[in-house]
Amino acid sequence: MEGNIMLLFLTIWPMIGAILSYVIGRKNKNLRDYFAEFVTIVEFVTLLVLCVQVVGGKEAEFVLHDFCARGLYLKADGFRAVYALIAGFMWMMTTLFSKQYFAHYRNRNRYYLFMLLTLGATVGVFLSADLFTTFIFFEMMSFTSYVWVAHDEEKASLRAAETYLAVAVIGGMIMLIGLFLLNFKAGTLNMDQLLAACAAVEDKTLIYVAGGCLLFGFGAKAGMFPLHIWLPKAHPVAPAPASALLSGILTKTGVFGILVISCQMFLHDAAWGKLILMLGVVTMFGGAVLALFSIDLKRTLACSSMSQIGFILVGVGMQGILGEHNALAARGTVLHMVNHSLIKLVLFMAAGVVFMNLHKLDLNAIRGFGRKKKALMFSFLMGTLGIGGIPLWNGYVSKTLLHESIVEYAEMIEGTADASTYVAVEWIFLITGGLTVAYMLKLFICLFIEKNADQAKMEASDKNYMNRKSMFALVTSSIVLPILGFLPGMTMDKIADATSEFMHAHHPEHAVHYFNFTNLKGGLISIAIGVIIYFGFVRTALMRKDETGTKVYVNIWPKWFDLENGIYRPLIQHLIPFVLAVICRVFDKLFDCIVYLIAKFILGPVKTRKQITVGTRFTYVLGTIMDDIVKFLNKTITKKRPIKRSFVEYFAVGQTEVSRTSKLVTRSVSFGLLMFCVGLLMTLVYLLMVSV
């Protein structure tokens, strides 16, 4: 063990706090709530101290030798410290908000236990300096956060949790394959050594295969298309504080991994950059379209998260394509990560206020709820303006940098065959920005301007809809957004300067003037597109009059157009088992033919065994032995009370029942996931034994 022990403390302290909070909660629920808040506040303050030290030029490292045979490597540079700090801030605010939100929930003790465990694992991901360390904390985080999604234990919650766990497990398995391949070919998993190690490999085929496997695993957590299927389903059923963390922070652990691959393994690799750009564009536009059609408040915000992850991936892709000229793309990438985290913290907590008062999320049921609720309106407006990319708010700054990186490359290759492609990418970027404005305008007008059929009920809780602690968490978080947007040179540029080294980005050749007409033009075009889409499409095609003549929101998105139910589940549950069954049958028949030929022409005729009428040969032999023992006992010890049971039939019936039950169990998704967990646990135990 060597290095700065503060890094180890930051990962272990929340986990110790989780266990203590659970024990306390068994005796005193109020004390448990206060203790959980204390744990997150201590974590945030410690992270703040660490961030100040790192930004001041003092990097921190920690190594726990021989942990799981490979060691545990932690590091705090500018990017890691900043993002761990954001995680600490979001956990602190959502924990303060949770006390009122969970006032009438059951299983609160379990929630706080896994909430704090996930905090420790998430901070561990962001502070990891080695991909094996990243994998350990990443998998821990996936399994502990699964409990958030399943918290309500209702049918929809359990199904969404099953999807979330399946994506996490499959992604984890493929990621592990990628780690094995990368370690085999590059000889290291240390992030600081990957760039030189991968560059030294002449045949990079396996490096690309490893990168693809890692991209699958990290992309699944980030919500990247086509692995996004858990995101729109997990958020609506998870508690609002958990949704804020799932959207704002846990998706960023996936982006963190993608950044490691793109900036440490494939730095300035144009081919890799184009792959990420393509996935980013589809994710960005697809998420915005899903959000526009949704009529569920939290589902809309979830699909919005998918879209904003797409914006971030566009920045990652442009870094690879621009090569050494990637300053704008790198700064836009990290700043949009930060902005999206902080914005979704505000928006999901605001959605939580709506839900804990109405216990509904359908736009038609909650419309008009916020008409006279000034604190809620202010906070939601700050989030709306931020994510919409409105000038003077934080989202505008990062979107401007991402947009300018696309424009910069399009100008660099002007006159070539590829130039039109990047002009198209720019317009998809601007249109997606317009879709963002449209669906956020839809939510804001629905909640704060439109009236409800039962407006008196909406206004009944105007004074007591949120207590002081929840209001502090929500309003304080929302005030951060305009501060970052109004003073980008003093705030956001400093964040970008502190984090750019992680992405090997140079300082911009000239200062970025965010509010000159050239940069404002892109944002204004998106705003204009958004207003047109809202009034020309949302208010017409997505709203219809009901039997009373009132316009209501309608969901016209086709139900069959669902990747999970239309492709993934049938593929996993039917097609793959069918194909494997056919292959097994072919090999079974082939083996039978080989055995028959050997018996016929080489071994000669064999004596035919006695036909077994019930059970298997094993149960028949065992039953026969037991029946012989019973005959002996009936003639001696049990002569007066003979045993009349036939053990041949008894064992046959038992075998049939066991076979039937095992088939039902082994065909379930849960059994497959359980077996993977057992295998993973055995692997970790083996590694621990080897290290000892």
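The values are calculated or read from the model by the stated rules, or taken from the named source; none is laboratory data. Computed from a prediction, not measured in an experiment: that's the story for all the values here. Here Cβ is always computed from backbone atoms with ideal geometry, including for glycine, and neighbour counts include all displayed protein chains. Heavy atoms of the whole protein, side chains included, go into the accessibility calculation; ligands, DNA and RNA do not. Shrake-Rupley method; radii C 1.70, N 1.55, O 1.52, S 1.80 Å.
Is there a residue being on the phi > 0 side of the Ramachandran plot and modelled with pLDDT under 90 anywhere in segment 354-361? Full working, then the answer.
Kept after step one, since they are on the phi > 0 side of the Ramachandran plot, are these residues of segment 354-361: 359.
Keeping just the survivors that are modelled with pLDDT under 90 gives 359.
Yes, some residue in segment 354-361 is on the phi > 0 side of the Ramachandran plot and modelled with pLDDT under 90.
For segment 290-310, check the following and say yes or no: at least one residue is assigned to a loop (DSSP other than H, G, I, E, B), among the basic types (Lys, Arg), touching a residue at least 12 places away in the same chain (Cβ under 8 Å) and open to solvent by 10 Å² or more (accessible area, probe 1.4 Å).
No.
Residues Val82, Val49, Val63: which one is assigned to a helix (DSSP H, G or I), over 22 Å from the mean Cα position of the chain (by Cα) and among the aliphatic types (A, V, I, L, M)? Reasoning before the result, please.
Details: Val82 fails: over 22 Å from the mean Cα position of the chain (by Cα); Val63 fails: assigned to a helix (DSSP H, G or I).
Checking each option against the conditions leaves just Val49.
Might you let me know whether segment 107-117 holds any residue that is in contact (Cβ under 8 Å) with a residue 60 or more places away in the chain and touching a strand residue (DSSP E or B) at 6+ places or on another chain (Cβ under 6 Å)?
Checked against the condition, which is being in contact (Cβ under 8 Å) with a residue 60 or more places away in the chain and touching a strand residue (DSSP E or B) at 6+ places or on another chain (Cβ under 6 Å), segment 107-117 yields no hits at all.
Between a residue in segment 534-556 that is in contact (Cβ under 8 Å) with a residue 60 or more places away in the chain and any residue that is charged (D, E, K, R) and in a loop (DSSP other than H, G, I, E, B), which pairs come within a Cβ distance under 7 Å, given they are 6 or more apart or on different chains?
Hits for this filter: Val552/Asp546.
Could you tell me which of the residues Phe132, Phe138 is aromatic (Phe, Trp, Tyr) and touching a Cys at 6+ places or on another chain (Cβ under 8 Å)?
Testing whether each residue is aromatic (Phe, Trp, Tyr) and touching a Cys at 6+ places or on another chain (Cβ under 8 Å) leaves just Phe132.
Could you say whether any residue in segment 184-197 is among the hydroxyl-bearing types (Ser, Thr, Tyr) and within 16 Å of the chain's Cα centre (by Cα)?
No, segment 184-197 contains no residue that is among the hydroxyl-bearing types (Ser, Thr, Tyr) and within 16 Å of the chain's Cα centre (by Cα).
Any residue that is outside any helix (DSSP H, G or I) and open to solvent by less than 70 Å² (accessible area, probe 1.4 Å) - is there at least one of those in segment 4-17?
Yes - at least one qualifying residue is present in segment 4-17.
Which of the residues that make up segment 324-343 are under 28 Å from Glu450 (Cα atoms) and either polar (S, T, N, Q) or open to solvent by less than 10 Å² (accessible area, probe 1.4 Å) (or both)?
Matches in segment 324-343: His340, Ile343.
Residues in segment 598-624 that are open to solvent by 90 Å² or more (accessible area, probe 1.4 Å) and either within 26 Å of Ser659 (Cβ to Cβ) or at pLDDT 75 or above (or both): how many? Talk me through it step by step, then tell me what you get.
Taking segment 598-624 first, the residues open to solvent by 90 Å² or more (accessible area, probe 1.4 Å) are 600-603, 605-611, 613, 617-618.
Now drop any that are not either within 26 Å of Ser659 (Cβ to Cβ) or at pLDDT 75 or above (or both), which leaves 608-611, 613, 617-618.
Total satisfying the criteria: 7.
Using beta carbons and a limit of 7 Å, which pairs, at least six apart or on different chains, have the first residue in segment 41-68 and under 19 Å from Val125 (Cα atoms) and the second one open to solvent by 40 Å² or more (accessible area, probe 1.4 Å) and among the acidic types (Asp, Glu)?
Note: pairs meeting the criteria are Val63/Glu2.
Could you grab the pairs with beta carbons closer than 7 Å, sequence gap of 6+ or different chains, first residue in segment 344-369 and closer than 17 Å to Gln100 by Cα and open to solvent by less than 10 Å² (accessible area, probe 1.4 Å), second one in a loop (DSSP other than H, G, I, E, B) and of a type in the set (Phe, Trp, Tyr)?
Partner pairs satisfying both residue conditions: Val353/Tyr465; Val354/Phe369.
Listed residues Lys204, Lys274, Lys252; which is at pLDDT below 90 and basic (Lys, Arg)? Please lay out each step first, then the result.
Numbers: Lys274 fails: at pLDDT below 90; Lys252 fails: at pLDDT below 90.
Of Lys204, Lys274, Lys252, the one residue that is at pLDDT below 90 and basic (Lys, Arg) is Lys204.
Which ones in segment 444-475 are assigned to a helix (DSSP H, G or I) and more than 30 Å from Asp33 (Cβ to Cβ)?
Residues of segment 444-475 that are assigned to a helix (DSSP H, G or I), as a first pass: 444-448, 455-459, 468-475.
Across segment 444-475, the qualifying residues are Phe444, Ile445, Cys446, Phe448, Gln455, Ala456.
Taking into account only those residues within segment 512-566 that are modelled with pLDDT of 80 or more and basic (Lys, Arg), which is most open to solvent (accessible area, probe 1.4 Å)?
Lys545
Looking at this structure, is Ile321 in a helix (DSSP H, G or I), of a type outside the set (Ser, Thr, Tyr) and open to solvent by 10 Å² or more (accessible area, probe 1.4 Å)? If you could, list the steps in order and put the result at the bottom.
On the way: in a helix (DSSP H, G or I): yes; of a type outside the set (Ser, Thr, Tyr): yes; open to solvent by 10 Å² or more (accessible area, probe 1.4 Å): yes.
Here the answer is yes, as Ile321 does meet what is asked.
Are any residues in segment 29-55 over 22 Å from Ala473 (Cβ atoms) and open to solvent by 70 Å² or more (accessible area, probe 1.4 Å), and if so, which ones?
Val52, Val55 - these are the residues of segment 29-55 that are over 22 Å from Ala473 (Cβ atoms) and open to solvent by 70 Å² or more (accessible area, probe 1.4 Å).
Determine which member of the set Ala417, Ala438 is hydrophobic (A, V, I, L, M, F, W, C) and assigned to a loop (DSSP other than H, G, I, E, B).
Of the residues listed, the single one that is hydrophobic (A, V, I, L, M, F, W, C) and assigned to a loop (DSSP other than H, G, I, E, B) is Ala417.
Taking only segment 351-379 into account, find how many residues are part of a helix (DSSP H, G or I) and out of contact with any Gly (no Cβ under 7 Å at 6 or more places or on another chain).
Looking only at that region, the number is 16.
When both residues are 6+ apart or on different chains and their Cβ atoms are under 8 Å apart, which pairs have a first residue that lies in segment 459-480 and is at pLDDT below 90, and a second that is not in a helix (DSSP H, G or I) and not β-branched (Val, Ile, Thr)?
Listed by first residue and then by second, the contacts come to Glu459/Arg371; Glu459/Lys372; Asp462/Lys372; Asp462/Lys373; Tyr465/Lys373; Met466/Lys373.
Residues that are of a type in the set (Lys, Arg) and in a helix (DSSP H, G or I): does segment 102-115 have at least one?
Yes, segment 102-115 contains at least one residue that is of a type in the set (Lys, Arg) and in a helix (DSSP H, G or I).
Hey, could you check segment 403-414 for residues that are open to solvent by 10 Å² or more (accessible area, probe 1.4 Å) and in a helix (DSSP H, G or I) and say which is farthest from Ile527 (Cα to Cα)? Walk me through it before giving the result.
Going residue by residue through segment 403-414, those that are open to solvent by 10 Å² or more (accessible area, probe 1.4 Å) are 403-404, 407-414.
The next check asks that each one be in a helix (DSSP H, G or I); those that pass are 403-404, 407-412.
Details: His403: 14, Glu404: 17, Val407: 18, Glu408: 22, Tyr409: 24, Ala410: 22, Glu411: 24, Met412: 27 Å.
If we take residues in segment 403-414 being open to solvent by 10 Å² or more (accessible area, probe 1.4 Å) and in a helix (DSSP H, G or I), then Met412 is farthest from Ile527 (Cα to Cα).
List pairs: first residue in segment 488-505 and at negative phi, second residue part of a helix (DSSP H, G or I) and open to solvent by 30 Å² or more (accessible area, probe 1.4 Å) anywhere in the structure, Cβ distance under 7 angstrom, at least six positions apart or on different chains.
Going by the 7 Å Cβ cut-off, the qualifying pairs are Thr491/Ile483; Ala498/Val55.
Taking segment 133-185 as the region of interest, how many residues are open to solvent by 20 Å² or more (accessible area, probe 1.4 Å), in contact (Cβ under 8 Å) with a residue 60 or more places away in the chain and over 22 Å from Val237 (Cα atoms)?
The number of residues fulfilling the criteria is 2.
For segment 80-118: of the residues being open to solvent by 10 Å² or more (accessible area, probe 1.4 Å) and β-branched (Val, Ile, Thr), which is farthest from Tyr465 (Cα to Cα)?
Val82
Sort through Ser21, Ser98 and tell me the only one that's in a helix (DSSP H, G or I), among the polar types (S, T, N, Q) and more than 24 Å from the chain's Cα centre (by Cα). Can you show your working first?
On the way: Ser98 fails: more than 24 Å from the chain's Cα centre (by Cα).
None of the other options fit; the residue is Ser21.
Select from segment 380-402 the residues that are within 30 Å of Thr548 (Cβ to Cβ) and not in a helix (DSSP H, G or I) and list them in ascending order.
None - no residue of segment 380-402 is within 30 Å of Thr548 (Cβ to Cβ) and not in a helix (DSSP H, G or I), so the list stays empty.
Between Ala271, Ala234, Ala210, which is out of contact with any strand residue (DSSP E or B) (no Cβ under 9 Å at 6 or more places or on another chain) and closer than 30 Å to Val353 by Cβ?
Ala234
Every residue in segment 370-399 that is open to solvent by less than 10 Å² (accessible area, probe 1.4 Å) and among the hydroxyl-bearing types (Ser, Thr, Tyr), please.
Ser379, Tyr396, Ser398
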